[in-house]
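Notes to accompany the following structure.
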Amino acid sequence: MEKIIRDIPIYYEIHGSGAPLVTIHGWSVDHRLMKGCLEPVFQTVESPWQRIYFDLPGMGRTPGPEWISGSDDMLAVVLEFIDSLLPGQRFTLAGESYGGYLAALAVLQRPDVFHAAVAGAPVTEWRLYDTAYTERYLGNPADDPAPYDHSSLLPLAGELQRALLLIHGL
């Protein structure tokens, strides 16, 4: 299925019925990552969850417009997509890697629409992530720390109002 948000046809799939569980995949993959991880589990149990898998703009079957220039734009599109798909409903959000970052940021910015969020392997502080990857998008923190300050989740942690499960391994 597709839903147009702004000028973007966002591809998505819905499986099951019940309480909405919206999933966000990591960077450069598509909805099949989360679907492949979760559906085998849901196939073995009676599930009270309606699972929603979608492709982030620029990934999978969803084109990426030029005007999306960072995570703020990406999150705005994600939240508009969810608002249009589940108007007035509370839901649970689960993301992995970059999707985990977006899930954690979303529950911090819009606690009114969430039951809870699950963030698997999210980047919470970009200064601690892979230097070559991060500097490609945010620049060198020694030259300009502002993008790193803006994208860090740590200063927002005290504002958390909903349950947020962080899953991380070493």
Some residue of the range 94-107 being open to solvent by 20 Å² or more (accessible area, probe 1.4 Å) and more than 18 Å from residue 151 (Cα to Cα): no
Single unsatisfied condition, residue 78 versus (1) within 26 Å of residue 135 (Cβ to Cβ); (2) surrounded by fewer than 20 Cβ atoms within 10 Å (Cβ to Cβ); (3) in contact with a helix residue (DSSP H, G or I) (Cβ under 9 Å, 6 or more places away or on another chain): (2)
Residue 29 in contact with a Ser or Thr (Cβ under 9 Å, 6 or more places away or on another chain) and closer than 28 Å to residue 67 by Cα: yes
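The values are calculated or read from the model by the stated rules, or taken from the named source; none is laboratory data. As the structure is a prediction and not an experimental result, all values here were calculated from the model. For neighbour counting, all protein chains shown are included, and Cβ atoms are generated from backbone atoms with ideal geometry for every residue, glycine included. Each accessible area value is taken on the protein alone, full model and side chains, heavy atoms only, with ligands, DNA and RNA left out. Shrake-Rupley method; radii C 1.70, N 1.55, O 1.52, S 1.80 Å.
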